[in-house]
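So the structure is just underneath, and the comments pick up after that.
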Amino acid sequence: MARLRGPAVVVSIGGLTDESLAVAVARRLGATGVATEIVGRVGDDARGEALLLALSRSGVGHVAVLRDPARATPSGPIGIPVDAADLALGLGYLHRIDALLLVDPIDAATAAAAENAAAFHGARVVIAAEESQGGVASDVPIVAYRAAHPESVAAAADTIVALLLADETA
């Protein structure tokens, strides 16, 4: 298993919640000892603070999480969405990135912002998308999963972690 030079960054396009794939992946990466940062958006509320505290305890940094005073952090798998401008702002707080994971839904502008940041840092990019979404970029690995099936989300998280930690020379 390759050691990452800098942090692995998990970007939650669909928002951060306790049940989101992005949070599951970030926690798994943090548990392996890999420096992990998460980019997303939470409400400026008790639920958002509790989520950030839990991530911190799991070894996941959250310096690039945006707090939205106008919205409450939802429960369930769907959180407060992040767009391309939010992504660029969040990634701007990070000085080094070795691997970048985008969790759906992905639009072309957001994918382009992520690919630009990854190119600047020399980072690998992986996209996790629901099976129904289809591809975004032909040269970026896409891990398909079924959001309605928790076992599929868990399997996708395991696959994503393996891809992010894969030795590029193998």
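The values are calculated or read from the model by the stated rules, or taken from the named source; none is laboratory data. Just so you know, these numbers come straight off a predicted model, no measurement behind them. Neighbour counts run over all protein chains shown; Cβ positions are idealised from the backbone, glycine included. Side chains included, ligands, DNA and RNA excluded: accessible areas come from the protein's heavy atoms. Shrake-Rupley method; radii C 1.70, N 1.55, O 1.52, S 1.80 Å.
Which residue pairs have Cβ atoms closer than 6 Å, lie 6 or more positions apart in sequence or on different chains, and pair a first residue in the range 46-60 that is without any contact (Cβ under 8 Å) to a residue 24 or more places away in the chain and within 17 Å of VAL9 (Cα to Cα) with a second residue that is open to solvent by 40 Å² or more (accessible area, probe 1.4 Å) and not in a helix (DSSP H, G or I)?
From the range 46-60, the pairs are LEU52/HIS62.
Could you tell me which of the residues VAL126, VAL143, VAL136 is crowded, with 20+ Cβ neighbours inside 10 Å, within 20 Å of ALA31 (Cα to Cα) and modelled with pLDDT under 85?
Matching residue, one of VAL126, VAL143, VAL136: VAL126.
Listed here are the residues, each with its yes/no results for (1) in contact with a strand residue (DSSP E or B) (Cβ under 9 Å, 6 or more places away or on another chain); (2) farther than 25 Å from SER152 by Cβ.
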position	(1), (2)
SER20	yes, no
ALA24	no, no
ARG27	yes, no
ARG41	yes, no
GLY61	yes, yes
PRO69	yes, yes
ILE80	yes, no
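List, please: which pairs have Cβ atoms under 9 Å, are six or more places apart or on different chains, and start with a residue in the range 65-92 that is touching a residue at least 40 places away in the same chain (Cβ under 8 Å) and of a type in the set (Ser, Thr, Tyr) and end with one that is open to solvent by 20 Å² or more (accessible area, probe 1.4 Å) and assigned to a helix (DSSP H, G or I)?
Pairs that qualify, where the first residue is touching a residue at least 40 places away in the same chain (Cβ under 8 Å) and of a type in the set (Ser, Thr, Tyr) and the partner is open to solvent by 20 Å² or more (accessible area, probe 1.4 Å) and assigned to a helix (DSSP H, G or I), are THR73/ALA46; THR73/ARG47; THR73/GLU49; THR73/ALA50; SER75/ARG47.
I'd like to check which strands (runs of 3 or more DSSP E) are fully inside the range 1-111 and have at least 1 residues that are surrounded by fewer than 20 Cβ atoms within 10 Å (Cβ to Cβ).
65-68
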